[in-house]
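To keep things clear, I will list the structure first and then write my remarks on it.
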Amino acid sequence: MNKELLMRRCISLARKAAGFTSPNPMVGALLYKEGRVIAEDYHRKSGTPHAEALVLSKAGADSQGASLFVNLEPCCHRDKRTPPCTDAIIRSKVKEVIIGMRDPNPKVSGRGIEILRNSGIDVEEGLLKDDSERLNEAFIKFITKRQPFVILKTAMTLDGKIADPKGESKWITGEKARRLVHKTRGEVDAILTAIGTVKADNPRLTCRIRGKRNPLRVVIDPNFETPRESHIFKTPPITLFVTKAKNKTVYESSDTGVECFFYDDSLNMNLLMEELGRRNILSLMIEGGASLAGHAMEDGVVDKVMFFIAPKILGGRESFPAVGGKFFRSIFDAWDLRDCKMRAVGKDYLIEGYV
């Protein structure tokens, strides 16, 4: 029995539901017995059966004496729409449970493991722990801080420009890079942009990949200047406008799919993240201009960056940089990224890293 290989299969199964399980984590499970996998499945979306319940139901009586692999500690509380998985596991009479990581939810964390061990089931935890945590990094941040996991995405030239002096930016990167962005849109709960980008590009900010779903759009528009003919008004799903224009006519209704979050004076990004957390937004991708990127970095809300780099040189002092704003850091105090990875995406390159 190659335990690592079987856990990797659980993680792979779990990832199939990327974009659909929020505010739940992504979980895959399988049962291994007598040299083969006898059942495997994954949690589809919030409110539906958990992965463990699905595989135990599939295997039926064959679950007895099997090894259950699951990338996240089985749930043990009743404050949800589905019954505790620990109950089903105990009834199934599996001989052991191999877990990728503990559930960070205080209602579970370690209690699920303890319940299983107290019932006589062997439990191994921490197999491919880093991989399991990376899979559910958004869930971990949300459940511990009640704020979304934030990805700052940008597409720039080799000399760090995102648009020419006229604001023209289509298209810096190629089709394969843009398709990867659409895939990521389909996996996050929300996309954040600002009025400057809306006016310049008139984006839809939707996912144009079949089978994926569209995220919530969040637009920072202090004076509510978004043109009424903008795609952002015409294309579902709901758009949340972040504005201080309380005395202006706001098109907020179920018909338009528009909601508003009002703030006073200046906007603190952490305040906005708290509001999105209250709306059960686990993950957010920032797609905007240099000013928004700079604001997000300055307020310390960015967890991860995705910088697409096109092998082009734009030049020009007036061309727009990837990260702007009024602040800057010295070369000795610059943000360091960890766990950086670079890969080719078509003719472009993608650098990902954690702030």
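The condition of being open to solvent by 40 Å² or more (accessible area, probe 1.4 Å) and among the aliphatic types (A, V, I, L, M) holds for only one of Ala51, Ala88, Ala61, that being Ala61.
When each of Gly65, Gly19, Gly35 is tested for being among the small types (Gly, Ala, Ser) and in contact with a Cys (Cβ under 9 Å, 6 or more places away or on another chain), the lone residue that passes is Gly19. Apart from one condition, Arg185 fits all of (1) in contact with a Cys (Cβ under 6 Å, 6 or more places away or on another chain); (2) closer than 30 Å to Lys16 by Cβ; (3) at pLDDT below 90; the exception is (3).
Within the set of pairs 6+ apart or on separate chains, which have a first residue in region 321-335 that is surrounded by 15 or more Cβ atoms within 10 Å (Cβ to Cβ), a second that is of a type in the set (Lys, Arg) and not in a loop (DSSP other than H, G, I, E, B), and C-beta atoms under 7 Å apart? From region 321-335, the pairs are Pro321/Lys161. So for region 64-74 (the condition being among the small types (Gly, Ala, Ser), open to solvent by less than 20 Å² (accessible area, probe 1.4 Å) and within 17 Å of Ile121 (Cβ to Cβ)), does at least one residue qualify? Within region 64-74, one or more residues are among the small types (Gly, Ala, Ser), open to solvent by less than 20 Å² (accessible area, probe 1.4 Å) and within 17 Å of Ile121 (Cβ to Cβ). Would you confirm whether any residue within region 177-198 is open to solvent by 30 Å² or more (accessible area, probe 1.4 Å), among the hydrophobic types (A, V, I, L, M, F, W, C) and within 20 Å of Ser319 (Cα to Cα)? Within region 177-198 (the criterion being open to solvent by 30 Å² or more (accessible area, probe 1.4 Å), among the hydrophobic types (A, V, I, L, M, F, W, C) and within 20 Å of Ser319 (Cα to Cα)), the answer is no, since none of the residues qualifies. Checked against the criteria, Thr144 does not count as in a strand (DSSP E or B), more than 21 Å from Leu68 (Cβ to Cβ) and among the polar types (S, T, N, Q). Among helices (runs of 4 or more DSSP H) entirely within region 21-130, having at least 2 residues that are within 26 Å of the chain's Cα centre (by Cα), closer than 30 Å to Arg279 by Cβ and hydrophobic (A, V, I, L, M, F, W, C) singles out 51-59. Candidates in region 157-176 are the residues that are open to solvent by less than 30 Å² (accessible area, probe 1.4 Å) and assigned to a strand (DSSP E or B); of these, the one that is modelled with the lowest pLDDT is Ala163.
Quick one: in region 304-335, of everything that is in contact with a strand residue (DSSP E or B) (Cβ under 7 Å, 6 or more places away or on another chain) and of a type in the set (Lys, Arg), which residue is farthest from Gly289 (Cα to Cα)? The residue in question is Lys312.
Annotation note: of Ala88, Ala66, Ala51, Ala61, the sole residue that is on the phi < 0 side of the Ramachandran plot and without any contact (Cβ under 8 Å) to a residue 12 or more places away in the chain is Ala61. Of all the numbered requirements in (1) closer than 27 Å to Leu282 by Cβ; (2) exposed (fewer than 14 other Cβ atoms within 10 Å of the Cβ), Arg36 misses one, and that requirement is (1). Reported count of residues in region 214-232, each being modelled with pLDDT of 90 or more, open to solvent by 30 Å² or more (accessible area, probe 1.4 Å) and either of a type in the set (Lys, Arg) or more than 26 Å from Gly19 (Cα to Cα) (or both), is 1.
Is there a residue being without any contact (Cβ under 8 Å) to a residue 40 or more places away in the chain, among the small types (Gly, Ala, Ser), more than 22 Å from Ala190 (Cβ to Cβ) and touching a Ser or Thr at 6+ places or on another chain (Cβ under 6 Å) anywhere in region 125-141? There is no residue in region 125-141 that is without any contact (Cβ under 8 Å) to a residue 40 or more places away in the chain, among the small types (Gly, Ala, Ser), more than 22 Å from Ala190 (Cβ to Cβ) and touching a Ser or Thr at 6+ places or on another chain (Cβ under 6 Å).
Remark: pairs (first residue in region 207-231, farther than 20 Å from Phe261 by Cβ; second residue open to solvent by 60 Å² or more (accessible area, probe 1.4 Å) and among the small types (Gly, Ala, Ser); Cβ separation under 7 Å; 6+ apart in sequence or on different chains) are absent.
When residues in region 310-319 are screened for being open to solvent by 90 Å² or more (accessible area, probe 1.4 Å) and touching a residue at least 60 places away in the same chain (Cβ under 8 Å), 2 of them pass. Counting only helices (runs of 4 or more DSSP H) wholly contained in region 194-310, the ones carrying 3 or more residues that are closer than 27 Å to Thr144 by Cβ occupy 269-278, 290-298.
The values are calculated or read from the model by the stated rules, or taken from the named source; none is laboratory data. As the structure is a prediction and not an experimental result, all values here were calculated from the model. Positions of Cβ are backbone-derived with ideal geometry, glycine not excepted, and every protein chain shown enters the neighbour counts. Side chains included, ligands, DNA and RNA excluded: accessible areas come from the protein's heavy atoms. Shrake-Rupley method; radii C 1.70, N 1.55, O 1.52, S 1.80 Å.
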